[in-house]
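Report on the following structure.
What follows is calculated from the coordinates using simple rules that are stated; it is not laboratory data. From a predicted model like this one, the values you see are computed outputs, not experimental measurements. Neighbour counts run over all protein chains shown; Cβ positions are idealised from the backbone, glycine included.
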Amino acid sequence: MRKTLLAVCAAALGGGLVPAQAQTLQMTEPAAAQVEASYGAPSDKIAAVGQPPISRWVYPGFTVYFEYDHVVHAVLTPGGP
């Protein structure tokens, strides 16, 4: 059982997965200002909902999620570049 689990984990980590791409932004100024400076104005800004408040900025090809004034995630839009 343990060998099977290790084999499955190794396969999942090492092969068959789509390579991830990421970019690191050095946050020396407010996150929203840096995102906008790097990628321009978003096509849509969705107001914060929930607790903690999560807002999102929609760009062609990806969406950036904010919690308060921090970027918490960026997700590629299906069919995006």
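Can you list the residues, at least 5 places off or on another chain, whose amide H is less than 5 Å from the amide H of residue 74, using H built in the peptide plane? Here 65 satisfy the definition. Local charge sum around residue 33 (other residues, Cβ-Cβ under 14 Å, Lys/Arg +1, Asp/Glu -1)? Around residue 33, the charge tally is -2.
Projected onto planes of every orientation and averaged, the convex hull of the alpha-carbon atoms in the stretch 36-76 covers 2.8 nm².
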